[in-house]
Amino acid sequence: MKYVDEYRDPEAAQQYVTAIRGLVTRPWTIMEICGGQTHSIVKYGIDELLPKQITLAHGPGCPVCVTPVEVIDKALQIAAQPNVIFCSFGDMLRVPGSINPANSSGSDLLSVKAAGGDVHIVYSPMDAVKIAQQNPDKQVVFFAVGFETTAPANAMPVHYAKQNGVTNYSVLVSHVLVPPAMEAILSSPTNCVQGFLAAGHVCTVMGYTEYEPIAMKYRVPIVVTGFEPLDLLQGIYMCILQLEQGRCGVENQYARAVRREGNRPAQELVAKVFRVVNRKWRGIGEISQSGLGLAANYADFDAELRFGLSQYTAQEDSECISGLIMQGAKKPEECTAYGNRCTPDHPLGAPMVSSEGACAAYYRYRRLRNKNLVEVSSRG
Amino acid sequence: MGEVKEFRLQCPVPLNDTDHVQLAHGGGGRRMHELLEGLLLPNFSNEALLERHDGATLTISGAKLAFTTDSYVVRPLFFPGGDIGTLAINGTVNDLAMCGARPLYLSSALILEEGLPMETLRRVVESMRLSAASANVQLVTGDTKVVDKGKGDGIFINTAGIGVIEHDISISPKNVRPGDAILLSGDIGRHGIAIMAVREGLSFENAIESDCATLWEPVKALLDACVEIHCLRDLTRGGLSSGLIEIAEAAGVRCAVNEADIRVREEVAGACEILGLDPLYLANEGRFVAFVPEHEAERAVDILRNVDVSSQATRIGRVVDGPAGLVTLKTQLGTERIVDMLGGEQLPRIC
């Protein structure tokens, strides 16, 4: 397949692996920010191809994983209401919250659906606003989660609804931003990350100028990187080259998709519909100015206000170490619950839920390495 | 800049076992297996059922028969390459074929929703007639029920089938052993993408047609040539991954397959890239895997390639010693990973 196969070529991959081996003189820890990159790395076994001195830490860039439990709870409460059509990207349907509004056993949107809630999977946020137009007697709510990548697509239907007077449409927003999370990781006393692969798709929208001050301030190389095996290997190569040479700049591996200034019209739309707010990250905690909420002009479309849920809060409580996982301080296999008490079917924490979560990716592709886990899986 | 106010390293409480049926319980993945192993098999335990095969093989008064049933609840009813009628015939015929049985007789139970256009029903019945004729089976008994408007989804069909086993080869997951070659009868994933494209209103440059087809002909070709077949499995809802994992679990072996040998059409691969799907988990309705001893592998592939529906058959891997129940995949980069069974639904209600 054109534009895909050439980035999965085994011979070219081997050449990069050899080049990386020739470059490394000491241990380095590099964090890939994005869950899509984590998924690719584990799926293709890219970390296994690298020299032992290179540690890849899996970052907090899975929007499904970092959406806080209280927002999931709000989604469940809205979706369980009788006059509501609740629309979401498919991944969010299995994320566990902490309550059970539909008297179903599970506390996720799938369980609310099984108990009679009208929950739709949509592929484009614009589909949700179309559903609102087709069902004027229902409240249609879209679950607007994601990083900067999905922000323009989630902003568009809100803007459209305002322009076209679609008053039965609203959005439950839990948008997060990458640069504040990187700073949170870098300022943590336990930080072990020495270089970053920045998320290519986020940068297609935002460009990478906002990473330049971070690279300077914390003296870390940041390489904007794509998602295919060769993208990742090249991004790792570029990052290690900077580390070995003692440089700390922002470089762009994903030049076929990313420009330094990003996509200006998309940024303008996001700036119009959203405003920067403090945001809780599941497993990490609140990071100031790290998320997007609806701008004052669009407050009428805020589902939290419309359904009276803006004051709702929830606490999480379990043995999950997702915060350490998402800061790169621990690997999934180092968690005592991983693979036994915590599996994709019975997740204790968010990184086990989404296919882009580090724990789920390890569980899905890596169980073979641990005999105990194999026994669990063979019992089916 | 981002200031970390607190680092609460905690997550939510575990999910309990679900006490409502979810779509995933019929999705052909792990949830469905939990239902089978936890509820159905313990309640109806018997020798034929415990074979965990696509159908039951029974000896009645000296005659070896295969018996199977399947229900069809596909939405949309019509899709490129077929409709619910073709599925209802081919699916049951294929389950018989996977037992190595020549399909003979089918029953058909129609559950119709009040208000269904008669023209729709006529089209479906015509498809069933054509498919049955093409598979050389007769529809010998049936039933029709109508439910209130809103209580069904147009048409649900159940078919059951009987076939006769006219050879002495034992075809069953329990016969799969280390060293067996794993053959795949063609490209994968077309049915899943065809259904999804219609259901979700996705349009691609070239319409992707379902691979829906009867599989008795290639199985017959193998049997006629006296290929020592160890096991056959048609790939349906759970895709190639579930088909292989089911066999690996039932036989207590590991299936090791090569990604590069698994054929996926370019348009299906493209759709998967766009939608974030994995072709290994996409539904098929005209593909199967065959487990044969190593010394029969080459001959079996040649035989399959001489039949239209399996003209792109390839060898995709081999059976190796444990860990039991695992399927591993050698990636294009030469690394090895696990192929896991789908936990929930990748596409809701395909067939």
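The values are calculated or read from the model by the stated rules, or taken from the named source; none is laboratory data. As the structure is a computational prediction, the values presented were derived from the model and not from experiment. Quick reminder, even Gly has a Cβ in these numbers, built from the backbone with ideal geometry, and neighbours come from all protein chains shown.
So here's what we get for this one:
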| item | result |
| --- | --- |
| Close pairs (7 angstrom Cβ cut-off, 6 or more residues apart or separate chains): within 26 Å of A:Lys74 (Cα to Cα) and within 11 Å of another protein chain (Cβ to nearest Cβ) in segment A:172-184, polar (S, T, N, Q) and surrounded by fewer than 24 Cβ atoms within 10 Å (Cβ to Cβ) anywhere | A:Pro180/A:Gln289 |
| Residue check, A:Gly97 within 18 Å of A:Ala360 (Cβ to Cβ), out of contact with any strand residue (DSSP E or B) (no Cβ under 9 Å at 6 or more places or on another chain), modelled with pLDDT of 85 or more and within 13 Å of another protein chain (Cβ to nearest Cβ) | yes |
| Failed condition for B:Gly150, given (1) part of a loop (DSSP other than H, G, I, E, B); (2) under 23 Å from the mean Cα position of the chain (by Cα) | (2) |
| Some residue of segment A:137-144 being surrounded by 18 or more Cβ atoms within 10 Å (Cβ to Cβ) and closer than 22 Å to A:Pro265 by Cβ | yes |
| Restricting segment A:332-350 to residues that are facing chain B (nearest Cβ under 8 Å), in contact with a helix residue (DSSP H, G or I) (Cβ under 6 Å, 6 or more places away or on another chain) and part of a loop (DSSP other than H, G, I, E, B), the residue that is surrounded by the fewest Cβ atoms within 10 Å (Cβ to Cβ) | A:Pro344 |
| Single unsatisfied condition, A:Ser188 versus (1) over 21 Å from the mean Cα position of the chain (by Cα); (2) under 19 Å from A:Leu56 (Cα atoms); (3) modelled with pLDDT under 95 | (1) |
| Residue, surrounded by the fewest Cβ atoms within 10 Å (Cβ to Cβ), within segment B:206-251, restricted to residues that are β-branched (Val, Ile, Thr) and within 16 Å of B:Val301 (Cβ to Cβ) | B:Val227 |
| Odd one out for B:Ala160 among (1) among the hydrophobic types (A, V, I, L, M, F, W, C); (2) closer than 30 Å to B:Leu326 by Cβ; (3) in a strand (DSSP E or B) | (2) |
| Residue in segment B:37-53 that is more than 23 Å from B:Arg237 (Cβ to Cβ) and either modelled with pLDDT under 85 or in a strand (DSSP E or B) (or both) present | yes |
| Helices (runs of 4 or more DSSP H) lying entirely in segment A:1-93 (those with 1 or more residues that are of a type in the set (S, T, N, Q) and at pLDDT 90 or above) | A:10-23, A:35-44, A:69-79 |
| Leading residue by the ranking (nearest to the other protein chains (Cβ to nearest Cβ)) among those in segment B:315-338 that are part of a strand (DSSP E or B) and surrounded by fewer than 18 Cβ atoms within 10 Å (Cβ to Cβ) | B:Glu336 |
| Filter pass, B:Pro173 being within 20 Å of the chain's Cα centre (by Cα) and either modelled with pLDDT of 95 or more or within 15 Å of B:Val292 (Cβ to Cβ) (or both) | yes |
| Helices (runs of 4 or more DSSP H) wholly inside segment A:100-180 that include at least 3 residues being more than 19 Å from the chain's Cα centre (by Cα) and closer than 11 Å to A:Cys87 by Cα | A:125-134 |
| Of residues in segment B:283-302 being crowded, with 21+ Cβ neighbours inside 10 Å and among the aliphatic types (A, V, I, L, M), the one farthest from the chain's Cα centre (by Cα) | B:Ala300 |
| Filter result (touching a residue at least 12 places away in the same chain (Cβ under 8 Å) and either among the hydroxyl-bearing types (Ser, Thr, Tyr) or under 13 Å from A:Arg21 (Cα atoms) (or both)) within segment A:34-52 | A:Thr38, A:Ser40, A:Tyr44, A:Leu49, A:Leu50, A:Pro51 |
| Test: B:Leu280 is buried (at least 19 other Cβ atoms within 10 Å of the Cβ), facing another protein chain (nearest Cβ under 10 Å) and under 20 Å from the mean Cα position of the chain (by Cα) | no |
| Boolean, B:Leu112 is of a type in the set (A, V, I, L, M), within 15 Å of B:Tyr72 (Cβ to Cβ) and in a strand (DSSP E or B) | yes |
| Complete set of residues in segment B:156-197 that are buried (at least 18 other Cβ atoms within 10 Å of the Cβ) and of a type in the set (Val, Ile, Thr) | B:Ile157, B:Thr159, B:Ile162, B:Ile165, B:Ile171, B:Val176, B:Ile182, B:Ile188, B:Ile193, B:Ile195 |
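Conditions (1) out of contact with any Gly (no Cβ under 7 Å at 6 or more places or on another chain); (2) among the small types (Gly, Ala, Ser); (3) not in a loop (DSSP other than H, G, I, E, B), marked per residue:
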{"site": "B:Gly201", "(1), (2), (3)": "yes, yes, no"}
{"site": "B:Phe204", "(1), (2), (3)": "yes, no, no"}
{"site": "B:Ser210", "(1), (2), (3)": "no, yes, no"}
{"site": "B:Ala213", "(1), (2), (3)": "no, yes, no"}
{"site": "B:Pro218", "(1), (2), (3)": "yes, no, yes"}
{"site": "B:Glu228", "(1), (2), (3)": "yes, no, no"}
{"site": "B:Val257", "(1), (2), (3)": "no, no, yes"}
{"site": "B:Val268", "(1), (2), (3)": "no, no, yes"}
